[in-house]
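The values are calculated or read from the model by the stated rules, or taken from the named source; none is laboratory data. Because the structure is predicted, anything quoted here is derived from the model rather than measured. Cβ placement follows ideal geometry from the backbone for every residue including glycine, while neighbour counts extend to all protein chains displayed. With ligands, DNA and RNA removed, areas are computed over all heavy atoms of the protein, side chains included. Shrake-Rupley method; radii C 1.70, N 1.55, O 1.52, S 1.80 Å.
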Amino acid sequence: MSENSKIEWTDATWNPIRGCTKVSAGCTHCYAETFAERFRGVPGHPFEQGFDLRLVPEKLDEPLKWRTPKMIFVNSMSDLFQEGVPDDYILSVVAKMTQANWHTYQVLTKRSERMADLLRTKLKFAAKQSHIWWGVSVENRHQGLPRVVCLRNAPARIRFLSVEPLLEDLGSFSLKGISWVIVGGESGPGARPMDPEWVRLLRDRCRASGVPFFFKQWGGVRKSSTGRVLDGLTHDEFPARASA
């Protein structure tokens, strides 16, 4: 999609899939859906079909063309492990990641069970590669925390959490086996508020567990005005790449 991304925790986005379906509370105000639906029916536009699921095989080779190493967010406009994507296509996407191994890939899903199952089976060849990071979205206790358990039990080398939008205090949970935590509030029209204390509790839990903590944004209707400073500091911690 883009060789240069405005997302604070990545360099580029790569979208060999477009479109998705809503599965949990974090999807309510999906930025990707809002963007895509603006272009529904526009002839020739990448999102002519709006946010309907669409495989885009012509984008598979894109990382091979980027010769400078980048941090790449995979499927910023979709979810690689959603139900409508065939296993074989997922394998094709991941095979490109293993081929273009000078990049670091960030794979994020809300379909944690399917990802974990494939990492144990058809994706076993990629699970332990240090340049591919496997993550789950965590927006609340009921739907988000079970994904953390699922991810922890997957045979991944680098595991991360995207706690965005953070919709409530997540309470006490283990960060064992987690390599990175990203936290952020919801942004845009109808954005649900995030209590600063929820963020502080997560930051402190990360510090106690020795897990890098990245604070992305406070969010809100105008996220540019609320910024991303927490208690006077920006938190731009990244995990060290594991040795091969």
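Can you give me the number of residues within the range 192-207 that are part of a helix (DSSP H, G or I) and more than 15 Å from residue 181 (Cβ to Cβ)? Selection size over the range 192-207: 2.
For the range 200-214, the candidate set comprises residues that are touching a strand residue (DSSP E or B) at 6+ places or on another chain (Cβ under 8 Å) and more than 23 Å from residue 130 (Cα to Cα); within that set, the residue that is most open to solvent (accessible area, probe 1.4 Å) is 200.
Check whether at least one residue in the range 33-43 is of a type in the set (Val, Ile, Thr), farther than 19 Å from residue 160 by Cβ, open to solvent by 10 Å² or more (accessible area, probe 1.4 Å) and not in a loop (DSSP other than H, G, I, E, B), and report yes or no. Can you show your working first?
To start, the set of residues in the range 33-43 that are of a type in the set (Val, Ile, Thr) comprises 34, 42.
After this cut, where a residue has to be farther than 19 Å from residue 160 by Cβ as well, the list is 34, 42.
So of that shortlist, the ones also open to solvent by 10 Å² or more (accessible area, probe 1.4 Å) come out as 34, 42.
With the extra rule that they be not in a loop (DSSP other than H, G, I, E, B), the set shrinks to 34.
Yes - at least one qualifying residue is present in the range 33-43.
Applying the selection to the range 131-155, what residues are of a type in the set (A, V, I, L, M, F, W, C), touching a residue at least 12 places away in the same chain (Cβ under 8 Å) and out of contact with any Leu (no Cβ under 6 Å at 6 or more places or on another chain)?
Narrowing the range 131-155 to residues of a type in the set (A, V, I, L, M, F, W, C): 132-134, 136, 138, 145, 148-151, 154.
Among the residues that remain, those that are also touching a residue at least 12 places away in the same chain (Cβ under 8 Å) are: 132-134, 136, 138, 145, 148, 150-151, 154.
Within the range 131-155, 132, 133, 134, 145, 148, 150, 151 qualify.
So that you can scan it fast, the table gives a plain yes or no per residue for (1) closer than 30 Å to residue 193 by Cα; (2) in contact with a helix residue (DSSP H, G or I) (Cβ under 6 Å, 6 or more places away or on another chain):
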{"site": "24", "(1), (2)": "yes, yes"}
{"site": "34", "(1), (2)": "yes, no"}
{"site": "51", "(1), (2)": "yes, yes"}
{"site": "70", "(1), (2)": "no, no"}
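Take residue 47 and tell me if it is in contact (Cβ under 8 Å) with a residue 24 or more places away in the chain, under 21 Å from the mean Cα position of the chain (by Cα) and over 17 Å from residue 10 (Cα atoms). Judged against the criteria, residue 47 is a match. Could you list all residues from the range 150-163 that are more than 16 Å from residue 211 (Cβ to Cβ), open to solvent by 10 Å² or more (accessible area, probe 1.4 Å) and outside any helix (DSSP H, G or I)? The answer is 153, 155. With respect to the conditions (1) open to solvent by less than 30 Å² (accessible area, probe 1.4 Å); (2) modelled with pLDDT under 95; (3) farther than 21 Å from residue 11 by Cα, residue 239 falls short on a single one, namely (3).
Residue 176 falls short on exactly one of the conditions (1) surrounded by 15 or more Cβ atoms within 10 Å (Cβ to Cβ); (2) under 19 Å from residue 238 (Cα atoms), and that condition is (1).
Any residue in the range 138-149 that is modelled with pLDDT of 95 or more, of a type in the set (Lys, Arg) and crowded, with 18+ Cβ neighbours inside 10 Å? Talk me through it step by step, then tell me what you get.
So in the range 138-149, the residues modelled with pLDDT of 95 or more come out as 138-149.
If we keep only those that are of a type in the set (Lys, Arg) too, we end up with 141, 147.
Remaining after also requiring crowded, with 18+ Cβ neighbours inside 10 Å: 147.
Yes, the range 138-149 contains a residue that is modelled with pLDDT of 95 or more, of a type in the set (Lys, Arg) and crowded, with 18+ Cβ neighbours inside 10 Å.
Which residue is nearest to residue 12 (Cα to Cα), if the candidates are limited to the range 52-79 and must be open to solvent by 60 Å² or more (accessible area, probe 1.4 Å) and in a helix (DSSP H, G or I)? Residue satisfying both the conditions and the ranking: 65. Put simply, of 82, 49 the only residue that is part of a loop (DSSP other than H, G, I, E, B) and farther than 23 Å from residue 7 by Cα is 49. Only residues that are open to solvent by 10 Å² or more (accessible area, probe 1.4 Å) and assigned to a helix (DSSP H, G or I) were counted across the range 85-111, and they come to 9.
For the range 179-191, what are the residues that are crowded, with 19+ Cβ neighbours inside 10 Å, in a loop (DSSP other than H, G, I, E, B) and not small (Gly, Ala, Ser)?
As a first pass, look at the range 179-191 and keep what is crowded, with 19+ Cβ neighbours inside 10 Å: 179-187.
Now narrow it down to the ones that are in a loop (DSSP other than H, G, I, E, B): 179, 185-186.
186, the sole residue that qualifies.
Being touching a Gly at 6+ places or on another chain (Cβ under 8 Å) and in a loop (DSSP other than H, G, I, E, B) narrows it down to one of 168, 139, so name that one. Even if it seems obvious, please write down each step before you answer.
Working: 168 fails: touching a Gly at 6+ places or on another chain (Cβ under 8 Å).
Result: 139 is the single residue among 168, 139 that is touching a Gly at 6+ places or on another chain (Cβ under 8 Å) and in a loop (DSSP other than H, G, I, E, B).
Tally up the residues in the range 1-27 that are free of Cβ contacts under 8 Å to residues at least 60 places away in the same chain and either surrounded by 18 or more Cβ atoms within 10 Å (Cβ to Cβ) or not small (Gly, Ala, Ser) (or both), please.
First, pick out the residues of the range 1-27 that are free of Cβ contacts under 8 Å to residues at least 60 places away in the same chain: 2, 4, 6, 19, 22.
Adding the requirement that they be either surrounded by 18 or more Cβ atoms within 10 Å (Cβ to Cβ) or not small (Gly, Ala, Ser) (or both) leaves 4, 6, 19, 22.
Count: 4.
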